[in-house]
Structure formats: C-alpha cells, structure tokens
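All remarks here apply to the structure that follows.
The values are calculated or read from the model by the stated rules, or taken from the named source; none is laboratory data. This structure is a prediction, so every number in the text was calculated from the model and none was measured. Reconstructed Cβ throughout: ideal geometry from the backbone, glycine too, with neighbour counts over all protein chains shown.
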Amino acid sequence: MTGPRRDPDMVRPYVRTGGKIRARDDVRLESVLIAASGPTDSLGPDPRRVMRLFTGTVGGLAVADIAAALELPPSTVRILVSSLMDSGHLTSPVAASDHQPESDLLQEVLRGLRSLV
Amino acid sequence: MDCAPWSDPPVTYVPATVTRSAKIVVAGGFGVGKTTLIGSVSEVKPLRMEEPITQASAGVDDLRGTPHKTTTTVAMDFGRIHMAGGSLALYLFGLPGQARFQPLWEDLAEGALGCLVLADTRDLDASHDALGLLDSGGIPYAVAINTFPDAPGYPEAELREALALDPYTPLTTCDARDRTSSLHALITLTEYLTEHRSAAVLETPR
C-alpha cells in the first residue's frame, strides 16, 4: 500500500464524490451534459471544479471531456455528474429523443460517416 | 488539493446544437494504432483520460495468503465527430484490449453501438484478448487490419482463422493514419451493426 499512499491523487472515489458510490445508469462516458441552474457554493471542491467548466458557455461536455479536462478518473466523473444531475446543476441537452428506437441512431451514424468520405 | 481555476480547460465544448450522442469503441493491443485512427477522424483534438485500477497480481503465489495488489493507470484516448446537421456527437474511445481490464470494459463500453478491433498482422495474438472481451460482453464488432508498411499481408481466410472470426464478422483493412481509410473501416462496422440489429430483432421470440 506504500505506492498509493504516497500519491495525493489516489483519493478513493467515494471521498471525492461525497459518499455517492454509484453512477446513474444513463450517465455514460459519451453522455453530454449542459449547465442547468442552482447555487454552487454549497458544493464540494470536485463538483465545483466540474461546474466551473460550464461557466460562461452554452456548450456541453461529455463525461469523458470532463474527465480529461479535470484529470479525474472517468468512473469518478460519472458519479460526480450523476450527483450534479440529481441536484439539478447539470442536465441533458434534450429528452425528446429518449423514445426513439436505437436503429434510428445507428442509421444516422451510418449516414453521417458516409457523408464525410 | 490541486486547484487550477485560471487555466483554460483543454477541451472543445460540444456545440449547443448537439442533442444526442453515441459511442463507438476502438480496441486492440498496445501500439496497434487506436490513437492514430481516432486522431485521423476526430474533428476535435483527441483527449486522454486516465483510470487507475487496482487488481490482484495474477499467477503469483503469496505465502501470506493475501493476494498482492498493484495499481495500474489505464490511459484512454478519445475523439469526436459531429453529424446529422450538428445534432449528433459520435464519440470514439480507444480502449486497451488486455483481458485484465475486463471490469473497466464493463463500465466504459456499456452502451456502445459497437467496436472496431484494430489488428496488426505482425502480432495477431495481441488481438485475442480484445476479441474475447467483446465475445463475452456480447458487443458486436468488426475487425480492421491496420496496414503498417512493413507488416506482412495474408489471405483473408488465413487471417480469419488466425483471429478465430465468425464467418459473418466483417474483416477489412485500413491505414489508421488516413482519414478516409479510417472512416471506411468505421462505415464497414456501422453497416454491419445495422444488419446485426435487424437480424437480432427478427430472432427475438414473440
């Protein structure tokens, strides 16, 4: 255990996430988030770092983008983002496409890739 | 506590037009060209994320009866393509194919449309772990041989046998450094996925 103890970045994920240990099933690496609302001053350091990325932009970020920008493990960011969605700080861009069958998504990806060559 | 509030994040924001996202995994052994392929097709500068994993060391007997554990950091590069009039972001994730990363795969590959396995004819064995992970995880995949200039070519039948591929699994070649060639490999995969999906629907008992 000497290795991990010497590394200050090796903080257990549930410490970073304030006790939450599971990510929401709908929060995946590629899930895009946008800022919603809510005061951020009550948040812990890591959730606040996440929210700071969304300051002054209307653009979104996927879980993976956040993990890369903050140099946090993606598994930790999934949990952080899940908490921030539960608390209303982050939201998905739109929920209207939820009921679309997956084959449409595949067809759209196929069309999109073909249009690039 | 590290804190860098003034530095600009090295990320490109997802345009506000994007309402949906999807994920394709690019897998394969070390040095097979995953990052090169992602860099060729990505519309933003590819980024890297790192996941520390703790695992019991395999194949080592410990006399004290407690398995020795080691921490490894797994680096994963990824990129992004925008499509469908800017409403859809396709993320491409390079995942290392080693069998010992299976827990990571279950976490990170979940929800992927499918996987493109890159292979190098100089080391086809390096692809076996990735193929095994995909088979056990039920993730549909296609295989692309990355045509390194000094890698030997083999007839397709020999390659299929060496990789133990099912007859219907697509096998193609690509130059991971070339955008169009890499896109064609992704198209081959996605065409297969659409067929695979319709076949799966037909097979579902009522």
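Quick one: which strands (runs of 3 or more DSSP E) sit completely within the stretch B:1-94 and have at least 2 residues that are away from chain A (no Cβ under 11 Å), at pLDDT below 85 and surrounded by fewer than 23 Cβ atoms within 10 Å (Cβ to Cβ)? Talk me through it step by step, then tell me what you get.
Details: elements: B:20-28, B:47-56, B:69-83.
So the answer is B:47-56.
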Apart from one, (1) at pLDDT 95 or above; (2) more than 11 Å from the chain's Cα centre (by Cα); (3) among the β-branched types (Val, Ile, Thr) all hold for A:VAL63; the odd one out is (2)
Note: among B:ALA130, B:ALA144, just one is in contact with a Gly (Cβ under 7 Å, 6 or more places away or on another chain) and within 25 Å of A:LEU113 (Cα to Cα), namely B:ALA130
B:LEU165 vs (1) in contact with a strand residue (DSSP E or B) (Cβ under 9 Å, 6 or more places away or on another chain); (2) of a type outside the set (Ser, Thr, Tyr); (3) closer than 20 Å to B:PHE93 by Cα: all pass except (3)
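Test B:LEU116 against the stated conditions and say whether it is within 14 Å of chain A (Cβ to nearest Cβ) and in contact with a Phe, Trp or Tyr (Cβ under 8 Å, 6 or more places away or on another chain). First the steps, then the outcome.
On the way: within 14 Å of chain A (Cβ to nearest Cβ): yes; in contact with a Phe, Trp or Tyr (Cβ under 8 Å, 6 or more places away or on another chain): yes.
Yes.
Each row is one residue, and each column tells you yes or no for (1) assigned to a loop (DSSP other than H, G, I, E, B); (2) under 13 Å from the mean Cα position of the chain (by Cα); (3) more than 8 Å from chain B (Cβ to nearest Cβ); (4) modelled with pLDDT of 90 or more.
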{"site": "A:ARG5", "(1), (2), (3), (4)": "no, no, yes, no"}
{"site": "A:ILE21", "(1), (2), (3), (4)": "yes, no, yes, no"}
{"site": "A:ASP25", "(1), (2), (3), (4)": "yes, yes, yes, no"}
{"site": "A:THR40", "(1), (2), (3), (4)": "yes, no, yes, no"}
{"site": "A:GLY56", "(1), (2), (3), (4)": "yes, no, yes, no"}
{"site": "A:THR76", "(1), (2), (3), (4)": "no, yes, yes, yes"}
{"site": "A:VAL81", "(1), (2), (3), (4)": "no, yes, yes, yes"}
{"site": "A:HIS99", "(1), (2), (3), (4)": "yes, no, yes, no"}
{"site": "A:LEU105", "(1), (2), (3), (4)": "no, no, no, yes"}
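Scan B:THR190, B:THR204, B:THR121 and give me the residue that is at pLDDT 95 or above and of a type in the set (Ser, Thr, Tyr). First the steps, then the outcome.
Working: B:THR204 fails: at pLDDT 95 or above; B:THR121 fails: at pLDDT 95 or above.
B:THR190 is the lone residue from the list that is at pLDDT 95 or above and of a type in the set (Ser, Thr, Tyr).
Across the stretch A:42-54, which residue is farthest from the other protein chains (Cβ to nearest Cβ) among those that are outside any helix (DSSP H, G or I) and surrounded by fewer than 21 Cβ atoms within 10 Å (Cβ to Cβ)?
Taking the stretch A:42-54 first, the residues outside any helix (DSSP H, G or I) are A:42-44, A:54.
With the extra rule that they be surrounded by fewer than 21 Cβ atoms within 10 Å (Cβ to Cβ), the set shrinks to A:42-44.
Numbers: A:SER42: 18, A:LEU43: 14, A:GLY44: 11 Å.
In this case the residue turns out to be A:SER42.
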